[in-house]
Number of protein chains: 2
Amino acid sequence: MAALPVAVDAMGGDQAPDAIVAGARQVAEQTDIKVTLVGVPGAMGDTGDLPLIPASEVIGMEDDPAQGVRRKKDSSLVRAAEAVRDGKAMAMVSAGNTGATMASALLRMGRLPNVVRPAIATPIPNLERGWPTVLLDSGANAECTAAMLVQFAQMGAAFVRKRYGVDRPRVALLSIGEEKSKGTPLEKEAHALLADMADMADSADMADMADMADDEKGDNKSTGASVPVGGEGFDFVGNVEGRDFFGDGADVIVTDGFTGNVALKTMEGTLRFLVGALTEIFARPDVADAATVIYPYLLPLAAEFEPDNTGGAMLLGVDGVCVISHGSSSSVAMVNAITVAHDLAVAGLVDAVAASVTVAAWTAA
Amino acid sequence: MAALPVAVDAMGGDQAPDAIVAGARQVAEQTDIKVTLVGVPGAMGDTGDLPLIPASEVIGMEDDPAQGVRRKKDSSLVRAAEAVRDGKAMAMVSAGNTGATMASALLRMGRLPNVVRPAIATPIPNLERGWPTVLLDSGANAECTAAMLVQFAQMGAAFVRKRYGVDRPRVALLSIGEEKSKGTPLEKEAHALLADMADMADSADMADMADMADDEKGDNKSTGASVPVGGEGFDFVGNVEGRDFFGDGADVIVTDGFTGNVALKTMEGTLRFLVGALTEIFARPDVADAATVIYPYLLPLAAEFEPDNTGGAMLLGVDGVCVISHGSSSSVAMVNAITVAHDLAVAGLVDAVAASVTVAAWTAA
């Protein structure tokens, strides 16, 4: 069977369609990944040999997401999501209206079984190790229940395993102190549920080890991969605080979409502020020579935090791979986003996320 | 009448008692501000000529705040708060257990009339102008109602007016988008209440202007100081996002104590992370000469973000001035915190905060 293409929304993003089309063409021309552009024919510039899925409408950055999807049924975003739903694309990528991207994916692809709400997972660069810390929900759901946070933990762990190869992700809960008594009732309840699951996992480990003792193969050691429920294991490492995003204490940090969005934008704002202050200093004529010496060491640091390089955020919990690239995406950002979307589709992300999410008594409500 | 002293908890903070006592002595010896140390006699080192209020107990950093205050009635923190309550001190300062400092102030000084809950106001340095942006609540109340957020706006505006001389503070609500429809029900309700108050203020302005038109003094122009309720005016500038903390869009940013604490610690963590990365680069032998050229320009930036220089956070809404200095406070931090506490007590902060807080239908619940 021929591989499916990645459907790329050519109309979404501040630099659309030029940067989007350029990135899509680069991937198609330089790799084995197939790409289909979704957009308004004649309004996408030079699309080269890329196959097209036509759309007659565009959901703009200022459009209301839900209304946009409902009213603009022939928009590039909706058509991209339908391409995944209909088995014509393996994944979708958009740098357009984030809310409308979520709504298109949710309404056209649908939720995975048992998922209460999809969540946005955003990678936060980490210099101490080879992979980022993933924050979710970073903005899809302003209001959350504890059951949703537990599912975010499960989906985030599945994502980190597929995306970064972390065998047994460490999941933390964002709160305002390390003690389980800290936070609002939401954090306290989520902490209790996640700790209970960890206890169950420990019990399962014990059972496994008992089985293994009975087993004749003494070399078949447990690697801690035994899992309480759902087929994907992770360790719950308790609460972390806002100051812990850049440390090595967790691979996944879960929180509600309001707090996650505030935290993420606070990081962005703080970084932008400091980089701006440094840029002003380095632009002084009297430090020009010194700046030349230091720049080579600053560039890798800057590259680490360049959003173009992260591959974008993921919408987890829908029945398809959906990469949300930032609004100012360049062609480089598109190359990375399309590559990540392809790799995760091939790696079976959606099945892994589906298998990770469990229904328990607390999700029935 | 002789001026009252500032009561300083000599036992609180990572560097207590030495740094605390050193800072207190420096203020007493070099300024007209009077200082009283509160602590365990014999355990404070060389206290010089400073008057003492004896205590036999210390509430540690790890003690539960409420239990600590209840059980350690003869602790330095409780005695410091009692000194303010009993008219023996004009203000209190502590670098100790933040929760216990709040609890001591709340339980001993009491709330101001009509205040639903006191809040912690924390200054965030701003390089674009001469004064910080004040964030509240930065951690006193994990759960808040919209009525509480409105009072935080009122108290924060009163604080910024007294502390930084901003005549008509611009108050913003922290949310996840500029539109009033963004956020959780808490932000939506708070937005509506604050916008209603602004409308009332506008109406009052119109009434004032009508009065003025009738007035013979044509030069008595309205400066926008007319106020809907409570005696202190401010402008509600709508929602801001996490990326706006270092901009010049607002003088006061209000949010619940959970989100405020996460945002503040996220800023701290991001700054510490970047400063650490830069420090590593600048420590390289091959950039030593260049670093020497650039350092003089970095120092003022670093000084701006040195917590020792901000004067600490304020507990607003209690019947007394209470400055909460950070746990690692040096003697310099103490000098600043004591000076700020003195200045705000002299300036009548508590009366201003009391006058700013209103009771409306929504606070009766």
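The values are calculated or read from the model by the stated rules, or taken from the named source; none is laboratory data. Small disclaimer: the values here were computed from a predicted structure and weren't measured. Don't worry about glycine lacking a Cβ; one is built from the backbone with ideal geometry, like all the others, and counts go over all protein chains shown.
Details
To keep it simple, each residue is scored yes or no on (1) closer than 24 Å to B:Asn336 by Cβ; (2) out of contact with any His (no Cβ under 7 Å at 6 or more places or on another chain); (3) at pLDDT below 95.
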site	(1), (2), (3)
B:Lys73	no, yes, no
B:Ser76	yes, yes, no
B:Glu82	no, yes, no
B:Gly87	no, yes, no
B:Thr98	yes, yes, yes
B:Leu112	no, yes, no
B:Thr122	yes, yes, no
B:Asn126	yes, yes, yes
B:Arg129	yes, yes, yes
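- In segment B:302-320, the residues that are surrounded by fewer than 22 Cβ atoms within 10 Å (Cβ to Cβ) and under 21 Å from B:Ala103 (Cα atoms): B:Asp319
- Set side by side, the residues B:Ala105, B:Ala80, B:Ala89, B:Ala66 differ, and just one is within 13 Å of chain A (Cβ to nearest Cβ) and more than 28 Å from B:Gly247 (Cβ to Cβ), which is B:Ala66.
- Scanning segment B:15-46 for residues that are surrounded by fewer than 21 Cβ atoms within 10 Å (Cβ to Cβ) and more than 24 Å from B:Leu344 (Cα to Cα) yields B:Gln15, B:Asp18, B:Val40, B:Pro41, B:Gly42, B:Ala43, B:Gly45, B:Asp46.
- Among residues of segment A:279-289 being within 11 Å of another protein chain (Cβ to nearest Cβ) and part of a helix (DSSP H, G or I), the one that is farthest from A:Val160 (Cα to Cα) is A:Asp286.
- Counting the residues of segment B:57-88 that are farther than 22 Å from B:Gln15 by Cβ and either in contact with a Lys or Arg (Cβ under 7 Å, 6 or more places away or on another chain) or part of a loop (DSSP other than H, G, I, E, B) (or both) gives 8.
- Annotation note: of A:Leu271, A:Leu264, the sole residue that is touching a residue at least 24 places away in the same chain (Cβ under 8 Å), surrounded by fewer than 19 Cβ atoms within 10 Å (Cβ to Cβ), of a type outside the set (Asp, Glu) and assigned to a helix (DSSP H, G or I) is A:Leu271.
- Among the residues making up segment A:232-254, a single one is touching a His at 6+ places or on another chain (Cβ under 8 Å) and within 12 Å of chain B (Cβ to nearest Cβ): A:Asn239.
- Hits in segment A:302-325 - residues which are in contact (Cβ under 8 Å) with a residue 24 or more places away in the chain and out of contact with any strand residue (DSSP E or B) (no Cβ under 8 Å at 6 or more places or on another chain): A:Ala302, A:Glu304, A:Phe305, A:Pro307, A:Asp308, A:Asn309
- Of the residues making up segment A:61-97, those that are touching a Pro at 6+ places or on another chain (Cβ under 9 Å) and surrounded by fewer than 22 Cβ atoms within 10 Å (Cβ to Cβ) number 2.
- Exactly one residue out of A:Gly257, A:Gly276, A:Gly269 is closer than 21 Å to A:Gly156 by Cα and either under 15 Å from the mean Cα position of the chain (by Cα) or within 11 Å of another protein chain (Cβ to nearest Cβ) (or both): that is A:Gly257.
- Checked against (1) part of a loop (DSSP other than H, G, I, E, B); (2) within 29 Å of B:Leu299 (Cβ to Cβ), A:Gly276 passes all but a single condition, namely (1).
- Among residues of segment B:232-257 being outside any loop (DSSP other than H, G, I, E, B) and in contact with an Asp or Glu (Cβ under 7 Å, 6 or more places away or on another chain), the one that is surrounded by the most Cβ atoms within 10 Å (Cβ to Cβ) is B:Asn239.
- A:Met197 meets all of the listed conditions (1) modelled with pLDDT of 95 or more; (2) within 30 Å of A:Gly320 (Cβ to Cβ); (3) in a helix (DSSP H, G or I) but one, namely (1).
- Comparison of B:Val323, B:Val335, B:Val340 shows that the only residue that is surrounded by 24 or more Cβ atoms within 10 Å (Cβ to Cβ) and not polar (S, T, N, Q) is B:Val323.
- Selected residue (criterion: modelled with the highest pLDDT) from residues of segment A:291-326 that are in a helix (DSSP H, G or I) and polar (S, T, N, Q): A:Thr292
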